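Everything on this sheet refers to the single structure shown next.
The values are calculated or read from the model by the stated rules, or taken from the named source; none is laboratory data. What you are looking at is a predicted structure, and each value in this text was computed from that prediction instead of being measured. Glycine also receives a Cβ, built like all others from the backbone with ideal geometry; neighbour counts cover every protein chain displayed.
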Amino acid sequence: MLKVISTSDGSRTIYVPDMDEHYHSTFGAITESKHVFIGSGYKTMQADHLKIFELGFGTGLNALLTLHESLNDKKNIKYVGVEKYPLDKDILIKLNYSQLLPETKASCFDLLHECEWEIPCRITDNFILLKLQKDIRDLSIDMVFDLVYYDAFAPGKQPDMWSYDLLSSVSSLIRPGGVLVTYSAMGQLKRDLRKLGFKVENPAGPPGKRQITRAVKRS
Ligand SMILES: C[S@@+](CC[C@H](N)C(=O)[O-])C[C@H]1O[C@@H](n2cnc3c(N)ncnc32)[C@H](O)[C@@H]1O
């Protein structure tokens, strides 16, 4: 039974008792997502058109923050989120991201979740969302991405989401020069990314985490 809890910055996240795992950092869900995926991912990309892939769509927080950025910078975003276990409405309504991010308007969070699975939805003039309800291991998609948000549960809780084989198949979705960003800075992950042809950087992490990983695919 999932539980919604408050994190240190006031934003909520989900606790999964069976795994003893949270969807976000308990030091701040919005703080973490902004720092990792927006600060070290989205904001480092120069192009006006971006194709973004997310492993683990979950609460839609990363999509919402990306949408928020695109309202200001007017970049054209195609956002594909893969999720094996979509969340029920009774959990989603307990999350308080719309209240804490008023610039995105309450309707944006709702639109992201009302968007039907497997069908592209235009959320704003410059943001298209495609949600795929799939196990990432069964994914076959004919698209190449500029930026990947690798947001699986922690390696200690779901090690198969960090296997070399899975990283390799996600890596094949990234164009040369494209970026993979994740909150983990595990040694094995960094070694695997190097082996897969990435230049690995370790920016400082958000509260509670020393470093994160940003990896650029070599041309
Ligand atoms: C750390 S949570 C992050 C979720 C999301 N990015 C967010 O901000 O709410 C990891 C997500 O990966 C999803 N997941 C777990 N196993 C998966 C699999 N095999 N394929 C696709 N998604 C999976 C979980 O259901 C969960 O939503």
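Could you run through the stretch 24-58 and say how many residues are over 10 Å from the mean Cα position of the chain (by Cα), within 15 Å of the ligand (Cβ to nearest atom) and either within 24 Å of I91 (Cα to Cα) or acidic (D, E) (or both)?
10
Which pairs turn up if I take residues in the stretch 78-106 that are on the phi < 0 side of the Ramachandran plot and look for partners that are surrounded by 12 or more Cβ atoms within 10 Å (Cβ to Cβ) and aromatic (F, W, Y) with beta carbon separation below 6 Å, at least 6 apart in sequence or on another chain?
Listed pairs, sorted by first residue: V80/F53; G81/F57; E83/F57; Y97/F109; S98/F109.
Which one of the conditions (1) touching a strand residue (DSSP E or B) at 6+ places or on another chain (Cβ under 7 Å); (2) surrounded by fewer than 20 Cβ atoms within 10 Å (Cβ to Cβ) does Q46 fail to meet, given that it meets all the rest?
Q46 satisfies every listed condition except (1).
To keep it simple, each residue is scored yes or no on (1) more than 30 Å from R191 (Cβ to Cβ); (2) among the hydroxyl-bearing types (S, T, Y).
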{"residue": "E69", "(1), (2)": "yes, no"}
{"residue": "T124", "(1), (2)": "yes, yes"}
{"residue": "I128", "(1), (2)": "yes, no"}
{"residue": "F153", "(1), (2)": "no, no"}
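For the stretch 81-179, list the helices (runs of 4 or more DSSP H) that sit wholly inside it and hold at least 1 residues that are modelled with pLDDT under 95 and more than 11 Å from the ligand (Cβ to nearest atom); which are they?
Qualifying helices (runs of 4 or more DSSP H): 97-100, 105-114.
Looking at L130, L64, can you tell me which residue is closer than 26 Å to D20 by Cα, hydrophobic (A, V, I, L, M, F, W, C) and in contact (Cβ under 8 Å) with a residue 12 or more places away in the chain?
L64
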